[in-house]
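Rule-based calculations on the coordinates, nothing more; no lab input. None of the values given here were measured: they were computed from a predicted structure. With ideal geometry, Cβ positions are generated from the backbone for all residues, glycine too; neighbour counts draw on all protein chains shown.
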Amino acid sequence: MKVAVFGTKSYDKEFFKLEGVNTTHELVFFESRLRVKTASLAKGFDAVCVFVNDVVDAECIQMLASYGIKVIALRCAGFNNVDLIEAEKQGIAVLRVPAYSPYAVAEHTLALILTLNRKTHKAYNRVREGNFSLDRLTGFDINGKTVGVIGTGKIGQIFANIMKGMGCKVIGFDLYPNKKLEEDGLLEYMSLNDLLEQSDIISLHCPLTPQTHHIINDHSIWRMKKGAMLINTSRGRLIDTESAIRALSKGHLGYLGIDVYEQEEKLFFRDLSETLIRDEKMLNLMSFPNVLVTGHQAFFTDTALTQIAKVTLGNLTSYEKGEELINRVGTEAIKA
Ligand code: NAD
């Protein structure tokens, strides 16, 4: 298939070229993200390949359909940026990579927790400048703490296991609790409110849906223990950033670690070091010493990039050969 790959970076090209050697697909890489303004680049292609911040809304899909695009191949798991109803209406198949390396994301979640707690980022800079003082580097023992996991799917389970291994009590909230996890003694399910009230560390691992949009808001954040740590490696819009800033300012929220951000489309995946950043909320967040932001890098391991390229290309091959599309996302996903 002739595939227009949108929003590509050097590492995408590297891993897709490596894995593409064994396929017959012709890949053309565009740096621009896919959205209405750039959709015309897809003229003459059979498929488009997109990532988390491309905006594949109804208007964009109608344009793609008019160019004869048959497949939208997501090189990620989340599909909240694609209008699935419009894609179905236009007869365009939406395929995704349901799991590339859930370990990568769970391990990065731990990295955020440990960095925020033990302040290794600050220690690194201090020591390089010859400052070996320990002032303000105090952390806390993670062993014995209660960790709340919101969304106990693939990533949430691995993360729960890691924290269990560190001697934590793990509690969970999920719309569809997995009883096996409780039977195995990994975690105890409870209501969202109870989880918020009992946790020392809360980590978000549920998808972004209308139900989970701003699941952390003024109401829920104040239910959390004073001084608790909140971590989000899932999707930015799960947290109302303004609520988080208010709770940080008042000293209620003890730590915030985010790999995803509500308005990340305007910032992430590019070098803006020579640019004036005008995103007030991000600038505000950066001013807190107890906030750590990474730029959507939780997935970013060689294992995950290999798997993303392999599965994406495999999805396209299955479509071309008329095979069963096991990684198809249909409108039932939103209804569910
Ligand atoms: P998954 O589908 O295996 O698990 C998601 C879990 O969330 C499921 O158990 C589901 O029942 C639960 N859930 C759904 N709606 C809920 C709700 N309203 N309240 C509570 N729980 C709810 O997904 P996964 O592979 O574990 O990935 C989780 C999320 O991680 C993805 O949706 C994606 O947004 C994010 N992610 C981020 C990165 C990154 O680089 N930062 C990479 C991959 C995935």
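Placing a label point 7 Å from the Cα of E197 along the Cα-to-Cβ line, the residues of the range 243-269 whose backbone N sits under 20 Å from it are 252-254.
Leaving out same-chain residues fewer than 8 places away, which lysines sit with a Cα under 20 Å from that of K281? Straight-line reach from K281, under 20 Å: K250, K266. Loop-located GluC sites (Glu not before Pro) in the range 241-336 (DSSP state other than H, G, I, E, B) with a sparse environment of at most 12 neighbouring Cβ atoms within 10 Å: E274, E323, E324.
Which loop-located trypsin sites (Lys or Arg not before Pro) does the range 37-143 contain, where loop means any DSSP state but H, G, I, E or B and the Cβ has at most 12 other Cβ atoms within 10 Å?
Working: sites: K37, K43, K70, R75, K89, R96, R118, K119, K122, R126, R128, R136; in loops: K37, K43, K70, R75, R96, K119, R136.
Of the trypsin sites (Lys or Arg not before Pro), the ones in loops of the range 37-143 whose Cβ has at most 12 other Cβ atoms within 10 Å are K37, R136.
Less than 15 Å apart at the alpha-carbon level, and either on another chain or at least 8 residues along: which aspartates and glutamates does that give for K310? The reachable aspartates and glutamates, counting only those whose Cα sits under 15 Å from K310, are D12, E14, E19, E26, D302. When shorter helices are ignored and each DSSP H run of at least 4 residues is given -39500 (n - 2.57), the per-residue value for the chain at 222 nm works out to -10000 deg cm²/dmol. Dimensions of the chain based on its C-alpha atoms, expressed as ranges along the principal axes with the largest first, amount to 60, 50, 35 Å. Charging the Cβ of each Asp and Glu at -1 and of each Lys and Arg at +1, and nothing else, the dipole of the range 200-336 about its Cα centre rounds to 440 debye. In a DSSP loop and with at most 12 other Cβ atoms within 10 Å, there are no GluC sites (Glu not before Pro) in the range 50-126.
Pull out the extension gain between Y11 and D302, defined as 0.36 nm times the separation in residues minus the alpha carbon to alpha carbon distance; nm, one decimal. Working shown, then result.
Values: separation 291, 0.36 × 291 = 104.76 nm, distance 0.95 nm.
Extra length available between Y11 and D302 comes to 103.8 nm.
Temperature 20 °C, viscosity 1.002 mPa s: under these conditions the Stokes-Einstein estimate for the range 251-336, based on its Kirkwood radius over C-alpha pairs, is 128 µm² per second.
Across the alpha-carbon atoms of the range 1-124, the computed radius of gyration and Dmax are 17.3, 55 angstrom. A simple spin-label model places the labels of K169 and H252 2.3 nm from each other, with each point 7 Å out along Cα-to-Cβ.
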